[in-house]
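Written below as structure tokens is the structure these notes are about.
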Amino acid sequence: MDESYIHPTALVETKQIGKGTRIWAFSHVMDGVAIGTNCNIGDHCFIESGVRIGDDVTIKNGNQIWDGIRLMDGVFVGPHVTFTNDLYPRSPRLVEASARYADRKWLVPTTVNRGASLGAGAVMLAGVNVGEFSTVGAGSIVTKDVAPHSLVIGNPARPRGWVCRCGQRLIFQDDRARCNKCTRRFARQDGMLNIVDAIAG
Amino acid sequence: MDESYIHPTALVETKQIGKGTRIWAFSHVMDGVAIGTNCNIGDHCFIESGVRIGDDVTIKNGNQIWDGIRLMDGVFVGPHVTFTNDLYPRSPRLVEASARYADRKWLVPTTVNRGASLGAGAVMLAGVNVGEFSTVGAGSIVTKDVAPHSLVIGNPARPRGWVCRCGQRLIFQDDRARCNKCTRRFARQDGMLNIVDAIAG
Amino acid sequence: MDESYIHPTALVETKQIGKGTRIWAFSHVMDGVAIGTNCNIGDHCFIESGVRIGDDVTIKNGNQIWDGIRLMDGVFVGPHVTFTNDLYPRSPRLVEASARYADRKWLVPTTVNRGASLGAGAVMLAGVNVGEFSTVGAGSIVTKDVAPHSLVIGNPARPRGWVCRCGQRLIFQDDRARCNKCTRRFARQDGMLNIVDAIAG
């Protein structure tokens with residue numbers, strides 16, 4: 001697909017939509033957003049001014065991507081994921097809190113790195129860094145950084161295992177694992193996972 | 001009501017909408033969906049091609065019903081319930097994961113049986129079977145099958161009691177209960193609940 | 001701003017919208033709703049007949065405010081908060097449950113008091129009272145009343161500390177605290193927090 005596609009009911013105010021990217025029904029993308037190529041953004045989404053989204057990103061329905069959220073290439077955002085960008089939220093219209101909202105210093109950025117997946121209904125606290133090719137389990141509340149290739153689950157989300165680039169869970173013998181789906185090989189060392197070879201026999 | 005009702009702002013692409021069914025504002029029902037009679041589907045919902053929904057189903061606002069989800073007669077889906085149909089999600093556009101999305105083998109179906117209720121904000125992992133007349137508590141994360149008439153709560157959701165067909169909690173004496181609302185009688189045996197009589201005096 | 005603003009794609013059926021209030025894209029406000037002055041209601045929201053909302057309230061995107069929910073002045077409702085108004089939900093169309101829905105006695109009201117904040121993705125069980133200037137942490141499941149100025153977190157939400165009117169966490173010496181942001185002073189007594197002076201030197 002060469003062109004981007006915008007559903008007739010969607011409201012897209014930016015011009016920075018990459019080739020092959022599709023934006024579906026009742027979604028709203030504000031001016032000042034930049035979205036890469038070959039993305040898919042489901043129905044009822046909202047993307048706020050200032051957001052940068054890479055290539056090959058999938059955003060399922062009902063997501064809101066606030067200013068300060070950065071989604072790198074190949075990220076998956078499940079349905080109803082909730083992002084935040086403020087650690088001490090109050091109504092900016094409340095007289096007791098309005099001084100804090102006079103500038104943008106309250107805004108705490110979040111990055112979701114290449115190939116990571118955020119499971120359905122996850123809640124992301126402002127300021128976390130989600131490592132490459134990690135997976136956040138459905139319904140988890142993410143309050144801390146997520147290591148690359150790790151699987152985190154729960155409230156608060158805690159490490160429970162490791163996942164392959166393709167998304168499958170890895171099973172270890174000693175500190176070595178080979179994905180039983182795509183055959184990629186990994187080595188675990190000092191609490192981190194390293195890929196041994198991209199496509200192994 | 002003889003006819004179905006579709007709100008002027010809703011987008012309904014299927015013809016298979018039963019009599020008396022109403023679909024509200026900003027909702028999107030795709031082609032290839034079949035919905036029974038006398039259902040009510042709130043605002044901002046999305047129903048994907050392939051979904052089958054029974055009669056007398058209530059779907060509150062902001063729900064997404066994916067391909068592979070089956071809602072039987074009389075089911076209640078509270079607001080913001082999150083369904084899933086993939087246990088190892090990745091962006092299908094991510095080169096490391098795209099092979100898995102070449103066919104539909106990744107899709108794991110979920111069934112919600114007759115008269116069950118899914119509480120507001122619940123998250124349903126792909127593959128669970130929700131028993132007849134059970135209730136999932138608000139905000140619960142459902143990772144396992146739910147027994148008929150059981151009440152499950154928490155993250156992960158665990159059995160906490162039993163509910164009547166009418167939705168009320170049941171209080172037991174030995175292994176017998178009589179609903180204090182609708183007077184139906186139940187007997188508990190081997191970890192399952194059986195109805196003794198439908199309308200008892 | 002003197003006038004209210006209604007986005008062209010929003011559907012607003014009430015006339016009771018206060019001055020300076022803005023309602024954004026794809027939101028639906030029913031007839032019989034009353035909203036005060038200077039509020040901000042994000043995209044993809046739904047506000048049901050019967051709801052009363054105070055002044056200076058911020059409702060982020062994707063929220064549904066049901067009949068029975070009362071939001072007082074200066075409340076913040078984060079993205080994807082889930083409210084409820086029924087403790088034993090069933091599909092009202094289900095023959096076994098329909099008798100209960102013949103009148104409105106099933107409806108259990110919820111109040112969020114002045115200046116309180118409901119964090120993103122929180123789930124509010126019907127019937128709770130959320131105290132003035134309290135904060136509900138993101139992703140929390142609120143099953144009990146929330147004390148004024150308290151911070152509650154978790155599933156179920158439990159008290160974890162205290163917050164200032166401006167939203168900052170308070171750090172105590174003995175039973176006294178002074179906000180390190182806005183300098184307001186507080187005294188803790190018998191499990192409650194009292195403000196000592198509004199703007200202290």
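No value in this document is a laboratory result; all are computed from the given coordinates. This is a predicted model, so every value here is computed, not measured. Glycine gets a Cβ as well: all are built from the backbone with ideal geometry, and neighbour counts include every protein chain shown.
Only bridges with both residues in chain A count here: give the DSSP antiparallel percent, nearest 5. Provide the component values of the computation, followed by the final result.
Details: 15 of 52 bridges.
Just about 30 percent of them are antiparallel.
Once you order the gyration tensor axes a ≥ b ≥ c over the Cα atoms, which shape class does the stretch B:69-149 get: rounded for a/c under 1.5, otherwise prolate or oblate by comparing a/b with b/c?
Working: a/c = 2.84, a/b = 2.14, b/c = 1.33.
It comes out prolate by the Cα gyration axes.
B:Ser117's amide H: which non-local residues (gap 5+, or another chain) put their own amide H closer than 5 Å, with H modeled 1.01 Å from N in plane and none for Pro or chain starts?
Here the answer is B:Phe76, B:Ser134, B:Thr135, B:Val136, since their amide H atoms fall under 5 Å of that of B:Ser117.
For chain C, what relative contact order do you get, as a whole percent, if you take Cα pairs closer than 8 Å and at least 6 residues apart?
Numbers: 578 pairs, mean separation 19.7, N = 201.
Relative contact order comes out at 10 percent.
Inter-copy label distances at B:Asp67, 7 Å along the Cα→beta-carbon direction, one decimal in nm, shortest first?
3.8, 3.8
In the Gaussian network model of chain C, springs joining C-alpha atoms below 10 Å, which of C:Thr183, C:Thr135, C:Thr111 carries the largest mean-square fluctuation?
Among C:Thr183, C:Thr135, C:Thr111, the largest GNM mean-square fluctuation belongs to C:Thr183.
Two decimals, Cα atoms only, Kirkwood Rh: what is Rg/Rh over the protein assembly as shown?
Values: Rg = 23.9 Å, Rh = 24.8 Å.
Rg/Rh: 0.97.
How much of the DSSP bridge set in the protein assembly as shown is antiparallel, in percent, rounded to the nearest 5? The partial results should precede the final answer.
Working: 45 of 155 bridges.
About 30 percent, rounded to the nearest 5.
Could you work out the relative contact order of the stretch B:35-106, using alpha carbon pairs under 8 angstrom and six or more residues apart, expressed as a whole percent? Intermediate results must be reported in sequence, preceding the final value.
Details: 130 pairs, mean separation 17.2, N = 72.
It rounds to 24 percent for the stretch B:35-106.
Compute the separation of the alpha-carbon centres of the stretch C:97-136 and the stretch B:107-175 and state it in Å as a whole number.
Each part's Cα centre sits 22 Å from the other's.
Along the stretch C:167-179, what does the Karplus equation 6.51 cos²θ - 1.76 cosθ + 1.60 (θ = phi - 60°) give for ³J(HN,Hα), rounded to whole Hz, x for Gly and Pro?
Coupling constants for the stretch C:167-179: x, 6, 5, 9, 10, 9, 10, 6, 10, 10, 9, 10, 4 Hz.
Rg and Dmax of chain A, using alpha carbons, in Å: what are they?
18.2, 64
Comparing C:Glu13, C:Glu96, C:Glu48, which has the greatest mean-square fluctuation in the GNM of chain C with Cα pairs linked when under 10 Å apart?
Comparing C:Glu13, C:Glu96, C:Glu48 in the GNM, the peak value goes to C:Glu96.
Apply 1/(1 + (r/R0)^6) to the Cβ-Cβ distance of A:Val196 and A:Leu87, taking R0 = 30 Å, and write down the FRET efficiency to the nearest 0.05.
Details: r = 39 Å, r/R0 = 1.28.
Here the calculated transfer efficiency is 0.20.
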